[in-house]
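I have placed the structure first, in the form of structure tokens, so that the comments after it can refer back to it.
The values are calculated or read from the model by the stated rules, or taken from the named source; none is laboratory data. Predicted model, so just to flag it, every value in this text is computed and none were measured. Cβ atoms come from the backbone with ideal geometry, glycine included; neighbour counts cover every protein chain shown. These area figures cover heavy atoms from the full protein model, side chains too; ligands, DNA and RNA do not enter into them. Shrake-Rupley method; radii C 1.70, N 1.55, O 1.52, S 1.80 Å.
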Amino acid sequence: MKYLTTCEDDTIQCAKAFAQHLKGHELVALDGTLGMGKTVFVRAVIQALSDKNVEVPSPTFTLLQTYDTIKGTIYHFDFYRLKSPEEAFEIGIEDAFSDGICFMEWPEKIGSLLPPNTIHIVFENTPNGRQIEIKD
Ligand SMILES: Nc1ncnc2c1ncn2[C@@H]1O[C@H](COP(=O)(O)OP(=O)(O)OP(=O)(O)O)[C@@H](O)[C@H]1O
Ligand SMILES: [Mg+2]
């Protein structure tokens, strides 16, 4: 599924539609370079499944933020600052992967620890806007 987006609100609408299909145990990797809208996407999913006013800060420094939602716990990871894939164990990826829904920014930083059944959402620039492709 591919969406062409031209503004933040388009990303939010795309995320809201995606949120409705979640069941409760998905692993979701957000692939794309700096500032492509990954956090905007996850924030919109969390707000759609909990409270539209809930604060969803970027986990750039905390590496992980968790949320209670109507589809269970959502784990929002940002692996950008990980020094090694193994450090992901210290922040609890194993428990998170076997529990709720996990969204992962910068998934390439955990290398082969990323499970093969992960859904990938790819954010890319195109001449006509930003493309969001959901690969599941
Ligand atoms: N479809 C879009 N078109 C244009 N701008 C957008 C779109 N979606 C989001 N943005 C803007 O992109 C900016 C960066 O968004 P965001 O912080 O979500 O990026 P990110 O991919 O999480 O970056 P990082 O890799 O640093 O975590 C925001 O200012 C947001 O308003
Ligand atoms: Mg981000």
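Any idea what the dipole of region 1-95 comes to, in debye rounded to 20, about its Cα centre with Lys/Arg Cβ at +1 and Asp/Glu Cβ at -1? Mind showing how you got there, number by number?
Working: 9 positive and 14 negative charges, 67 e Å.
Here region 1-95 has a charge dipole of around 320 debye.
Among I46, G129, G92, flag the residue with its Cα farthest along the positive direction of the charge dipole of region 28-136, charges on Cβ as +1 for Lys/Arg and -1 for Asp/Glu.
Result: G129, furthest along the dipole toward the positive end.
Expressed in nm to one decimal, what extension gain is obtained for the pair D9 and N125 from 0.36 nm per residue of sequence separation less their Cα-Cα distance?
Working: separation 116, 0.36 × 116 = 41.76 nm, distance 1.63 nm.
Working it through step by step, the gained length comes to 40.1 nm.
For each pair in K23/K52; K23/K109; K16/K109; K109/K135; K38/K135; K83/K135, compute the distance between the two Cα atoms and list the pairs where it is over 21 Å.
From K23/K52; K23/K109; K16/K109; K109/K135; K38/K135; K83/K135, over 21 Å: K23/K109; K16/K109; K83/K135.
If you stretched the chain out fully between I134 and K2, how much longer would it get, using 0.36 nm times the residue separation minus the C-alpha to C-alpha distance? Show your work: numbers first, answer last.
Numbers: separation 132, 0.36 × 132 = 47.52 nm, distance 0.64 nm.
Full extension of this stretch gives 46.9 nm more.
Please state the shape class of region 3-108: rounded when a/c is under 1.5, otherwise prolate if a/b exceeds b/c and oblate if not, all from the C-alpha gyration tensor.
Working: a/c = 1.81, a/b = 1.25, b/c = 1.44.
Oblate, because a/c is 1.5 or more while a/b does not exceed b/c.
Averaged per residue, what accessible area in Å² does the chain show with a 1.4 Å probe, protein chains only? Provide the component values of the computation, followed by the final result.
Details: 7240 Å² over 136 residues.
Result: 53 Å² per residue.
Probe radius 1.4 Å, ligands and nucleic acids ignored: give me the carbon and sulfur share of the accessible area of the chain as a rounded percent.
Details: 3640 of 7240 Å².
For the chain, the apolar C and S fraction of the accessible surface comes to 50 percent.
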